[in-house]
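Here is the structure we will look at.
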Amino acid sequence: MKNRIAVIISASIVIFGLLIYTLATTDPTDVIGNRSITSFNAVLSAMPGYVGKDGASGGWAITSPLGERFIWGRNTDPGKSYDLTLEFDMKPFLDAGLDPEKLPEGMVKGDKIVIVSELDGDRPADPDETSPQELFSEILRSKREYISYHTALDHFGIKIGDGNVFEWAKDMGTNDKDIVFVLDPAVFIEAGADPEKVEGWLYAKVKTMDGSGRPIEIYKFLKPYNIVE
């Protein structure tokens with residue numbers, strides 16, 4: 001009997017230890033599932049005058065105080081589900097030496113630079129009149145891999161193309177960078193822009209993780225905004 005009790009206690013200790021280990025090593029995607037929607041909704045609520053329908057795509061857009069835009073919407077093309085877009089003024093990059101003809105096809109629209117991700121998958125059958133919160137929730141449910149958590153800045157983000165992200169604070173009350181437009185500088189440098197001369201964008205190293213989960217630092221263009229004082 002004593003041996004049975006000892007075995008049960010030992011097994012309980014192992015199970016308890018595994019539970020503690022599991023809780024201590026929770027995957028960041030759990031944070032994404034639990035907090036990304038509520039924090040995104042908090043951003044929308046904090047800047048109502050800057051959130052609205054995008055006429056061209058039929059989706060929704062967050063427009064920064066200086067005009068940069070993040071747009072999320074449904075794609076009407078067969079085999080595609082959602083469009084994610086970053087749109088911003090080209091002039092600071094032109095003034096820094098950018099040759100727009102050297103940018104990939106489709107990135108230039110008038111005086112704007114536009115970066116688009118068309119996500120593969122069946123187009124959702126939900127009604128067209130979907131709130132911005134509901135549409136973001138759809139994307140999280142069906143394209144979770146496009147939502148990230150940036151530990152160093154305590155931000156969630158949605159990936160648009162290679163290395164470009166729209167980020168928002170997990171908690172605007174404790175973060176002075178409530179929303180951030182993040183660009184991969186490589187394509188602009190290859191097209192002739194001097195990254196140190198792009199006015200209005202911070203060219204800086206950002207802490208992140210490589211594909212193996214190791215901490216690294218990489219250069220990005222950053223445009224942060226503090227919405228909640």
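The values are calculated or read from the model by the stated rules, or taken from the named source; none is laboratory data. Since this is a predicted model, take the numbers as computed values, not measurements. With ideal geometry, Cβ positions are generated from the backbone for all residues, glycine too; neighbour counts draw on all protein chains shown. These accessible areas exclude ligands, DNA and RNA; they are computed on the full protein's heavy atoms, side chains included. Shrake-Rupley method; radii C 1.70, N 1.55, O 1.52, S 1.80 Å.
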Identify the single condition in (1) at pLDDT 95 or above; (2) assigned to a strand (DSSP E or B); (3) open to solvent by less than 40 Å² (accessible area, probe 1.4 Å) that residue 203 does not satisfy, given that it satisfies every other one.
(3)
Quickly run through region 38-50 and pick out the residues that are in contact (Cβ under 8 Å) with a residue 12 or more places away in the chain and under 16 Å from residue 71 (Cα atoms).
40, 41, 43, 44, 47, 50
Scanning region 38-52 for residues that are under 11 Å from residue 156 (Cβ atoms) and of a type in the set (Ser, Thr, Tyr) gives 38, 39
Pick from region 206-229 the residues that are among the β-branched types (Val, Ile, Thr) and without any contact (Cβ under 8 Å) to a residue 60 or more places away in the chain: which of them is least open to solvent (accessible area, probe 1.4 Å)?
206
Of the conditions (1) part of a loop (DSSP other than H, G, I, E, B); (2) in contact with a helix residue (DSSP H, G or I) (Cβ under 9 Å, 6 or more places away or on another chain); (3) open to solvent by 30 Å² or more (accessible area, probe 1.4 Å), residue 193 fails just one. Which one is it?
(3)
Contacts under 6 angstrom Cβ, first residue in region 156-181 being under 20 Å from residue 38 (Cβ atoms) and part of a loop (DSSP other than H, G, I, E, B), partner acidic (Asp, Glu) and open to solvent by less than 10 Å² (accessible area, probe 1.4 Å), 6 or more apart
172/178
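Examine region 131-149 for a residue that is modelled with pLDDT under 95, in contact with a Ser or Thr (Cβ under 8 Å, 6 or more places away or on another chain), farther than 20 Å from residue 40 by Cα and part of a loop (DSSP other than H, G, I, E, B), and state whether such a residue exists.
Here is the first cut: in region 131-149, the residues modelled with pLDDT under 95 are 131-149.
In the following step, the residues that additionally are in contact with a Ser or Thr (Cβ under 8 Å, 6 or more places away or on another chain) were identified as 138, 140, 142-144, 146-147, 149.
Pick out the ones that are also farther than 20 Å from residue 40 by Cα and you get none.
No: region 131-149 contains no residue that is modelled with pLDDT under 95, in contact with a Ser or Thr (Cβ under 8 Å, 6 or more places away or on another chain), farther than 20 Å from residue 40 by Cα and part of a loop (DSSP other than H, G, I, E, B).
For residues in region 154-170 being closer than 16 Å to residue 43 by Cβ and among the charged types (D, E, K, R), which is surrounded by the most Cβ atoms within 10 Å (Cβ to Cβ)?
167
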Checked pairs for region 69-80, first farther than 15 Å from residue 55 by Cβ, second hydroxyl-bearing (Ser, Thr, Tyr) and open to solvent by 50 Å² or more (accessible area, probe 1.4 Å), C-beta under 9 Å and 6 or more apart or across chains, list as 75/57
Would you pick out the residues in region 32-60 that are in contact with a Gly (Cβ under 7 Å, 6 or more places away or on another chain) and over 12 Å from residue 136 (Cβ atoms)?
54, 57, 58
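For region 171-186, which residues satisfy the criterion of being more than 28 Å from residue 120 (Cβ to Cβ), among the acidic types (Asp, Glu) and open to solvent by 10 Å² or more (accessible area, probe 1.4 Å)?
Scanning region 171-186 gives 171, 176.
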Exactly one condition in (1) surrounded by fewer than 16 Cβ atoms within 10 Å (Cβ to Cβ); (2) modelled with pLDDT under 95; (3) touching a Pro at 6+ places or on another chain (Cβ under 9 Å) is not met by residue 127; state its number.
(3)
